[in-house]
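We did not get these values from a lab; they are worked out from the coordinates using the rules stated. Owing to the predicted nature of the structure, the values given are computational and were not obtained by experimental measurement. Note: ideal-geometry Cβ built from the backbone for every residue, glycine included; neighbour counts use all protein chains shown.
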Amino acid sequence: MDRVAKLSGQGENVRIAIPAREHWPLPWYLRRYHNTAYEDVAENSRASEIVIGGLDQDATLTASLGTSFDRLGPFALRPGVELVLFVRKGFASGPAAVTP
């Protein structure tokens, strides 16, 4: 997350949308990021640079975000909870690329 925020040029002000219903302990991990929104509607996430959704939302988010985002993941948040990370194209490339 820190690498993506740095690449965006916005640092801790990078916009993060989290429509995942199972997101604890993300609020703790992302507490430094001031523009983090925990949303119920995945379709509202396009304005963000980073979108974190549940694996059950993968198809909906892929369709909603279209070709403007790169899909990374899935990643285990905690036992039994897997998330998918979407990063606006351009932020997940280059020397500081996001890797699992």
State the answer as a single residue: which of 9, 26, 54 lies farthest towards the positive end of the charge dipole of the chain, with beta carbon charges of +1 for Lys and Arg and -1 for Asp and Glu, about the Cα centre.
9
Give a residue-ordered list of calculated ³J(HN,Hα) values for segment 56-73 (Karplus: 6.51 cos²θ - 1.76 cosθ + 1.60, θ = phi - 60°; whole Hz; x for Gly, Pro).
5, 9, 3, 5, 5, 5, 4, 5, 5, 7, x, 8, 7, 10, 9, 8, 10, x
What is the set of long-range amide H partners of residue 81 at a cut-off below 5 Å, with H atoms built 1.01 Å from backbone N?
none
For residue 37, the residues 5 or more places away or on another chain with a placed amide H closer than 5 Å to its own amide H are 16, 17, 18
Cα Rg over Rh - the chain, Kirkwood
0.92
